[in-house]
Amino acid sequence: MIVRWVCEKDNRKWIYPIKKCLYCGEPVKKQVGRKTKVIGLTKVNIPSPLHPITPYNIILLEDEFGNRMPKKTMKDYKIGDVYSIEKAKTDSAVIITKIKYDLGESLKESLNLLNSFDIEKQDKVLIKPCIIEPAYPYQTSNTSPKLLDEIIKMLKDMGVSDIIVGDQAMPGNDTTASAKKSGILDVCKKNDIPLVDLRKSQYIEKTEDGMKFSIAKEIMERKVINVPVMKTNSQLGVSGAMENMLRVVDENTQMEMFAVDIEKTLPKLIKALPKFVTIGDATIGMHAQGPTLLGEPAFMNMLFISKDPVALDSAFSEVGMLPTPEYIKEATGINEYDAYVKKLEIVGDELEAARYHLKVPDKTASAHPRIKLIDAKSNPLVFYTALKASSKLVGLPGHEINIAMGKFLTEEMVNGKKRIIAYGTDAINKLKELNITPIAEVPEDMGDIEKLTLLKSILENPDKKSVSVKDKMKSKLAGLGAKIKGAF
Amino acid sequence: MYYVKGVGMTKFGVHSKTSQELCYEAVMEALEDANMQLSDIDQIIISKGDSLHDGERQRLFQGVLSNILGCEDIPIFRVTAACSGGGSAFWDAVHSGKKNVLVLGVEKLSPCLTKYLTDEFMMAAERIYEQTEGLNFPAQNALVAQQYMIKYGATSDDLALIALKNHENAFDNPKAKFYKKKVTLDMIKKSPVVASPLRLFDCSISVDGAAAAIISKDKTDIKIAGSSLYAGRLSTFESPDMSTWEATVLAAKDAYNEAGVTHEDIDFVEVHDAFTPVELLSYEDLGFAKKGQGPKLIRDGTTKINGSLPVNTSGGLKAKGHPVSATGVSQIYEIVRQMRGRCDKRQLDRTRTGLAHNVGGAGSTVTVHILKNLGG
Amino acid sequence: MVSMKVYIKGVGMTKFGVDRKSSHERICEVIGECLKSTDMNFDDIDVIFASNSESERNEERQKHQGPMLSTLFQREMPILNVPAGCAGGGVALWNSINYLRSSDCKNIMVIGYDNIVSLTSEIITDEILMGSERICEQTEGLNFPAQNALVAQQYMMKYGATSDDLALIALKNHENAFDNPKAMFYKKKVTLDMIKKSPVVASPLRLFDCSISVNGAAAAIISKDPGNIEIIGSGMCTTSLSPIERKDMTSMSSTIKAAKTAYEQAGIKPEDLDIAELHDAFTPLELLSYEDLGFAKKGHGAELIRDGTTKINGSLPVNTSGGLKAKGHPISPTGLAQIYEISKQMKNECGKRQINKPKYGLAQNVGGVGTMAAVHILKNLN
């Protein structure tokens, strides 16, 4: 599909979306060409950072209007061949699209490639974006408001009238505040669509494979469009279609899932949920230390769409050249993961042609260069509050400390590490079991200021071997002081 | 009206010198050639790309230049236009209104790994349509070459002849990368394919180098008769005819008009052969051959050094080397040296009117300069 | 000597902020605004000079700006990119004026645009760090705030200015930006307490001493055809890259020399000025500029802010737009945004920030820590 913006009066064509002709001021018309053929091709043998795998081919396409566009492909074409994209054949197909300036057209075109969209105008729809923390749109922790706007527009054009947008922010963050800063609340208001905080929903219980899930009732009663941001995740590896659905269950269930083992329970949750379609937001995407503000924007400019969240996450992981997360392997239910990937039905852009080197997250890194994490699949409340604490301490000099979290800690993980702080009841208990005495034990319900004062005192003093009663008193007082100040 | 006083240039190649040292060398040679002092200069225009990976990580190069040359009183500024930086700086200097202007182009590419260099050049392509589809610089020119070959029946052999001609010329150019390095037609035709149908020897080589020129309102023996710059489309696939670079046609027309000459009056040319097909296209776009007749000029030897219209006696970008921003100014260097009879083995007999053609990207920014030899 | 008169026909500017528009959208917006106030068509523009930092790491990854604009405008024409760090806008304008006077063309458009806030703040700091000297400064961690901090410190030690003076400058600019719809801090109240208590970035400079990086675009059309605002003086000068190697760290010789050229061309003195837009990338720079531009004697710059001379109701209002501090500093467009403000003041279109009938205005745009300076003097012919 080749799109041009045409001013008929002046006979000019733009490859960029402009609203009015710069010369005559008249509105421009969109010209979309769909019958493309190959008029030129070249085989490229030199790699570059964005295109590391060679040789690859570039075909020059021309459509029925004489408009042209280059396309990267691993297949061999001849000049004169017709270029067409086949529709998906199965429900597990993943549609990968490189967005070309017009997000609305790319979205429409990609959804048309699904074997069936399964949403009709009389349906009640829930759009489930990723709203995890208050961040600006350019920081990409949350779903792009532009993409959300286009999805709502597309649904309304179809005639769908009952649409809501709903999500639950990460434990400790307020959903509405996060939606406001990220621009999502404005999009909802503009389209007259309610924003629902799933934290305040009613929950319906469902059991799957021996595990009880309390799922927000909107998920069970409506057709769901999952719109995650495609990111790396320093705990789990990838945050995509599956990880985004973690926040449709209530916080108790989330904690329980981590307590059992998130890599085994997340696939079970996906099985328990009714079928949904995922439009993966890689318009920017995030890599390095995702999935929160510590990550970097990846500028991928792609969409990943599928009715099968496991296939989608696998495809994303492959495109990003990331090591495959365990929970995705578990979710495929197949022993031979490589065979699974080979059999993935990829529609639209080819997987090989879409490869884009993403930075792999460092599992031990936090916001502060001297605070290292030893994370054993700790639950979100523990993990993200530890990250938040580390970012509050940025700028302070100090000596290395290791924060151990999670109940799956092993001797191997803490072996040789000095100045360990056990954070969270799970870690405190596990280290006791392993007969390892940490420098300090910090339960997750300790107040923020008290926690920070304690961490700061250990960070700054290289000789500290343990926390004294005096230290504990000091931090308690600091915490109380903050509470009193806040009260006034 | 501007005249060229002096020119200077470092040898193009892989240097261990820093850009500061390269600049210094080129400027000193130019000042000596012009018989001037640095205090006579009223303005300096420099062209230099700034790369993240060249080890120098220096953005405000103007300030560095001010240090090296010890000038604290005059305006020094930078222009960038990818590979046409040198020509663009020259064009801007000719329209600056100041009495004595120093134009400088410098680039340091050898410290960059090839993959980063490829990436740098790719950033001169359109982001969404070209960079995401792997259309790096050789690939862009490959598609253009292919369209030309389909339309007019030129072959890879024609491209190889162009490369051979330029290498033969560079053999005798002490400032060229391939000075005294013999390259045979066999080597060219058997070199590995970079982006089909272009082979390694169809692509110019990225090297380090600096070139400087001093122009002045004072009369000298070389007049800058025509100077034009046009920015054309960024992506090659946009224009209805991919085998014509509209910007070159427009820039050449303006320059010919200003100089009061036609293509028949031009005695020798420095053409921007970043890739051999570009030289072929430029024969036609600059008016030396009708559309589709370009290959004839190379096949019958017209553009060889002993032909009636010698092209790239310096070796061109192909065999002299292509330090992106310095190239445009090095073309002026060659033309001036030819006109002053200082080219030894490569010396031409007829050097009354010369043309320098500098291109950025794939026909995206084009500058054309016409110089007249008043020395007789 | 130059004799042709140069007029400003139209100006345009986006609201400076951290929005996620593309540069294309911003460029179309400012051109629309520029052309709207004239009777010109886009076809009447003969040459375009652009200014863009060509960063590799922002999502636009474009190193060849001229043709990108040609594709955006669907027209082959002379377009050249003149990047100069923070002085991009001013240098591109100065270069355009020279070009206009030395050629046959009639109308030139100057556009500055930058999309720097799409990266993490670490990468933005690094991009700007690359504007310091590589061996002596970048390796020693001398990032942009640190360079300015050392200059500020030398000034304070020599002439007895204090952080309070810097805070007063920041306060003045924020008060002005409160009424500027195009500013980042429009309708955002900032008190002296907030400024004095902000965290230290590079001592003695605090967060509120540093201008904020934003995205934006600004443009101006200059012409040989008569208009209401004439550019009567234009000067540019470049000195050494690092402030540390200059003889006098408390003075920017590039500003002094550029201003001298501009004043001479204009035939006026500093006392004749009614309004000035200065480059307050960091508050000490504004203080130094008072002296370098001749508003105050050396060492007496702080008096102008203490006695309110440079406030909006003073005798020489400085930075009525909010300056870089409170309007925002998108690097390349900044210089042109200064021209925008002065033009709007001269046309009586500044609403609550309007000052009384300014006749002569000065815009000073600086690159690095005084590495380059472009000074323009405008005259109101209304």
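List the strands (runs of 3 or more DSSP E) inside the stretch A:266-373, counting only whole elements, that have at least 2 residues being closer than 30 Å to A:L393 by Cβ.
In the stretch A:266-373, A:277-287 are the strands (runs of 3 or more DSSP E) which contain 2 or more residues that are closer than 30 Å to A:L393 by Cβ.
Where in the stretch C:195-269 are there strands (runs of 3 or more DSSP E), lying wholly inside it, with at least 2 residues that are crowded, with 19+ Cβ neighbours inside 10 Å and polar (S, T, N, Q)?
Result: C:229-238.
Just give me the residues in the stretch C:28-58 being of a type in the set (F, W, Y) and more than 12 Å from chain B (Cβ to nearest Cβ), in sequence order. Talk me through it step by step, then tell me what you get.
Pass one, the stretch C:28-58, residues of a type in the set (F, W, Y): C:42, C:49.
Passing the criteria: only C:F42.
Restricting to helices (runs of 4 or more DSSP H) lying wholly in the stretch A:381-473: which have 3 or more residues that are among the β-branched types (V, I, T) and buried (at least 17 other Cβ atoms within 10 Å of the Cβ)?
The helices (runs of 4 or more DSSP H) meeting that bar are A:448-460.
Which numbered condition in (1) facing chain B (nearest Cβ under 7 Å); (2) at pLDDT 95 or above is the only one that C:R61 fails?
(2)
I need a count of the residues in the stretch A:456-472 that are touching a residue at least 40 places away in the same chain (Cβ under 8 Å) and of a type in the set (V, I, T).
First, pick out the residues of the stretch A:456-472 that are touching a residue at least 40 places away in the same chain (Cβ under 8 Å): A:456, A:458-462, A:464.
Subsequent filtering for residues that are of a type in the set (V, I, T) retains A:458.
Within the stretch A:456-472, residues that are touching a residue at least 40 places away in the same chain (Cβ under 8 Å) and of a type in the set (V, I, T) number 1.
Residues that are closer than 28 Å to A:I215 by Cα, buried (at least 19 other Cβ atoms within 10 Å of the Cβ) and touching a Pro at 6+ places or on another chain (Cβ under 9 Å): does the stretch A:152-162 have at least one?
Checked against the condition, which is being closer than 28 Å to A:I215 by Cα, buried (at least 19 other Cβ atoms within 10 Å of the Cβ) and touching a Pro at 6+ places or on another chain (Cβ under 9 Å), the stretch A:152-162 yields no hits at all.
Can you find a residue in the stretch B:154-175 that is farther than 24 Å from B:E284 by Cα, in contact with a strand residue (DSSP E or B) (Cβ under 6 Å, 6 or more places away or on another chain), more than 14 Å from chain C (Cβ to nearest Cβ) and surrounded by fewer than 24 Cβ atoms within 10 Å (Cβ to Cβ)?
yes
List, please: which pairs have Cβ atoms under 9 Å, are six or more places apart or on different chains, and start with a residue in the stretch A:103-128 that is in a loop (DSSP other than H, G, I, E, B) and end with one that is hydroxyl-bearing (S, T, Y) and crowded, with 16+ Cβ neighbours inside 10 Å?
Pairs found: A:L113/A:T97; A:L114/A:S306.
How do the pairs read when you match residues in the stretch B:222-233 that are at the interface with chain C (Cβ under 10 Å from one of its Cβ atoms) and part of a strand (DSSP E or B) with residues anywhere that are crowded, with 24+ Cβ neighbours inside 10 Å and among the acidic types (D, E), using Cβ under 9 Å and keeping only pairs 6 or more apart or on different chains?
B:L229/B:D92
Looking only at the stretch C:126-163, count every residue that is part of a helix (DSSP H, G or I) and not hydroxyl-bearing (S, T, Y) and tell me the total.
Residues in the stretch C:126-163 being part of a helix (DSSP H, G or I) and not hydroxyl-bearing (S, T, Y): 20 in total.
Any residue that is of a type in the set (S, T, Y) and within 29 Å of B:Y179 (Cβ to Cβ) - is there at least one of those in the stretch B:23-44?
Yes, the stretch B:23-44 contains a residue that is of a type in the set (S, T, Y) and within 29 Å of B:Y179 (Cβ to Cβ).
Quick one: in the stretch B:109-142, which of the residues that are in contact with a strand residue (DSSP E or B) (Cβ under 6 Å, 6 or more places away or on another chain), in a loop (DSSP other than H, G, I, E, B) and more than 25 Å from C:L80 (Cβ to Cβ) is nearest to the other protein chains (Cβ to nearest Cβ)?
Among residues in the stretch B:109-142 that are in contact with a strand residue (DSSP E or B) (Cβ under 6 Å, 6 or more places away or on another chain), in a loop (DSSP other than H, G, I, E, B) and more than 25 Å from C:L80 (Cβ to Cβ), the one nearest to the other protein chains (Cβ to nearest Cβ) is B:G134.
Kindly provide the set of residues from the stretch C:135-149 that are surrounded by fewer than 18 Cβ atoms within 10 Å (Cβ to Cβ) and in contact (Cβ under 8 Å) with a residue 60 or more places away in the chain, ordered by number.
If the condition is that a residue be surrounded by fewer than 18 Cβ atoms within 10 Å (Cβ to Cβ) and in contact (Cβ under 8 Å) with a residue 60 or more places away in the chain, then C:C136 is the only one that fits.
Could you please find all residues in the stretch A:1-41 being outside any loop (DSSP other than H, G, I, E, B) and either over 22 Å from A:S106 (Cβ atoms) or within 9 Å of another protein chain (Cβ to nearest Cβ) (or both)?
Correct list: A:C7, A:R12, A:K13, A:W14, A:K20, A:I39, A:G40, A:L41.
Write out, first by first residue and then by second, each pair whose Cβ atoms fall under 8 Å of each other, whose residues are 6+ apart or on separate chains, and whose first residue, in the stretch C:320-336, is over 13 Å from C:G85 (Cα atoms) while the second is β-branched (V, I, T) and in a loop (DSSP other than H, G, I, E, B).
So the pair list comes out as C:T320/C:I312; C:T320/C:I355; C:K325/C:I212; C:A326/C:V190; C:G328/C:I212; C:G328/C:V214.
What number of residues within the stretch B:47-69 satisfy the criterion of being surrounded by fewer than 24 Cβ atoms within 10 Å (Cβ to Cβ), more than 8 Å from chain C (Cβ to nearest Cβ) and in contact with a helix residue (DSSP H, G or I) (Cβ under 7 Å, 6 or more places away or on another chain)?
Here the count works out to 3.
Do the conditions hold for C:I123, that is, is it under 23 Å from the mean Cα position of the chain (by Cα), assigned to a helix (DSSP H, G or I) and more than 10 Å from chain B (Cβ to nearest Cβ)?
The answer is yes for C:I123.
It is to be established whether one or more residues within the stretch A:472-480 are closer than 23 Å to A:V382 by Cβ and in contact with a strand residue (DSSP E or B) (Cβ under 8 Å, 6 or more places away or on another chain).
No, the stretch A:472-480 contains no residue that is closer than 23 Å to A:V382 by Cβ and in contact with a strand residue (DSSP E or B) (Cβ under 8 Å, 6 or more places away or on another chain).
Is the stretch B:90-101 home to any residue that is more than 14 Å from every other protein chain (Cβ to nearest Cβ), in a helix (DSSP H, G or I) and of a type in the set (A, V, I, L, M)?
No, the stretch B:90-101 contains no residue that is more than 14 Å from every other protein chain (Cβ to nearest Cβ), in a helix (DSSP H, G or I) and of a type in the set (A, V, I, L, M).
When C:A219 is evaluated against the numbered criteria (1) in contact with a Cys (Cβ under 8 Å, 6 or more places away or on another chain); (2) within 14 Å of chain B (Cβ to nearest Cβ), which criterion, by number, is the only one it fails?
Among (1) in contact with a Cys (Cβ under 8 Å, 6 or more places away or on another chain); (2) within 14 Å of chain B (Cβ to nearest Cβ), C:A219 violates only (2).
Working only within the stretch B:211-228, note down all residues that are touching a His at 6+ places or on another chain (Cβ under 9 Å) and among the aliphatic types (A, V, I, L, M).
B:I224, B:A225
Test A:T90 against the criterion of being of a type in the set (V, I, T) and either part of a helix (DSSP H, G or I) or more than 28 Å from A:D313 (Cα to Cα) (or both), and give yes or no.
Spelling it out, it is not the case that A:T90 is of a type in the set (V, I, T) and either part of a helix (DSSP H, G or I) or more than 28 Å from A:D313 (Cα to Cα) (or both).
Let me confirm something: among A:I163, A:I131, which residue is part of a loop (DSSP other than H, G, I, E, B) and assigned by TED's automatic domain parsing to the domain that holds A:F299?
Only one candidate passes the filter, namely A:I131.
Test each condition in (1) within 18 Å of B:D208 (Cα to Cα); (2) touching a Leu at 6+ places or on another chain (Cβ under 6 Å) for B:A289 and report the one that comes out false.
In the conditions (1) within 18 Å of B:D208 (Cα to Cα); (2) touching a Leu at 6+ places or on another chain (Cβ under 6 Å), B:A289 misses (1) alone.
Taking the stretch B:161-199 as the region of interest, how many residues are over 21 Å from the mean Cα position of the chain (by Cα) and not in a loop (DSSP other than H, G, I, E, B)?
9
Only one of A:I46, A:I79 is surrounded by 14 or more Cβ atoms within 10 Å (Cβ to Cβ) and either within 9 Å of chain B (Cβ to nearest Cβ) or basic (K, R) (or both); which?
On inspection, the qualifying residue turns out to be A:I46.
The values are calculated or read from the model by the stated rules, or taken from the named source; none is laboratory data. Just so you know, these numbers come straight off a predicted model, no measurement behind them. We place every Cβ from the backbone using ideal geometry, glycine too, and count neighbours over all the protein chains shown.
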